[in-house]
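A short write-up of the structure that comes next.
The values are calculated or read from the model by the stated rules, or taken from the named source; none is laboratory data. Just so you know, these numbers come straight off a predicted model, no measurement behind them. Every residue, glycine among them, receives a Cβ derived from its backbone with ideal geometry; neighbour counts consider all protein chains shown. Ligands, DNA and RNA are excluded from the accessible area calculation, which covers all protein heavy atoms including side chains. Shrake-Rupley method; radii C 1.70, N 1.55, O 1.52, S 1.80 Å.
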Amino acid sequence: MKKYYALLLLVPLLFGCNKSEATDHAHKAEMIHEHDRCHLCGMVITKYPGPKGQVHLKAEETVPKFCSTRDMFNFALQSENKRQIDYMMVHDAATTDWEHPDDGAFIEASSAFYVYGTSKKAVMGPAVAPFSTRAAAEAFAKEYGGRVLSFDDITLELLAGDK
């Protein structure tokens, strides 16, 4: 009988653990500091225009940061890196200055819409400009050119110019 009561006392603890595991933690972006370098190319991130990105890896405290969303995708889409990624953050180009993106404008990369092939200059090739809404992406594409893509539409072939 004592074992039965002991098990009953453990049941709330088990549900408590399951509840905390089921609750999705809020994804947060890391600040990009003046001397931070791009994880892919080594360039000083803040010296160049255009939206930036960062990749948060599973079981890692270090957050790779990138001078462009293009470099971020080139890293993240590599098969050896894909499985290690917890989430990614990008600047919302609709809510921050293109020349000097503000770290308060980071959004979840997987839910963003992207404009690829724009005339707007960025570092490391054609910009992959992220937006929190399709309407903002379409307005940007209308003004600066390019096509609106979803997160899943961004591929290594696209970035290499093969698509």
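Which residues, taken from the stretch 108-133, are without any contact (Cβ under 8 Å) to a residue 60 or more places away in the chain and closer than 14 Å to Phe66 by Cβ? Those that are without any contact (Cβ under 8 Å) to a residue 60 or more places away in the chain and closer than 14 Å to Phe66 by Cβ: Ala109, Gly125. Is it the case that Val90 is touching a residue at least 12 places away in the same chain (Cβ under 8 Å), under 14 Å from Gly50 (Cα atoms) and crowded, with 16+ Cβ neighbours inside 10 Å? So Val90 fits the description; yes.
With respect to the conditions (1) within 20 Å of Arg147 (Cα to Cα); (2) open to solvent by 30 Å² or more (accessible area, probe 1.4 Å); (3) over 10 Å from the mean Cα position of the chain (by Cα); (4) not acidic (Asp, Glu), Ser68 lacks only one, and its number is (2).
Among the residues making up the stretch 125-137, those that are open to solvent by 20 Å² or more (accessible area, probe 1.4 Å) and either more than 16 Å from Gly50 (Cβ to Cβ) or in contact with a strand residue (DSSP E or B) (Cβ under 9 Å, 6 or more places away or on another chain) (or both) are Pro126, Ser132, Thr133, Arg134, Ala135, Ala136.
The set of residues in the stretch 138-158 that are open to solvent by less than 20 Å² (accessible area, probe 1.4 Å) and under 16 Å from the mean Cα position of the chain (by Cα) comprises Leu149, Ile154.
Go through the residues of the stretch 104-116 one by one and say whether even a single one is open to solvent by 40 Å² or more (accessible area, probe 1.4 Å) and among the hydroxyl-bearing types (Ser, Thr, Tyr). Yes: one or more hits.
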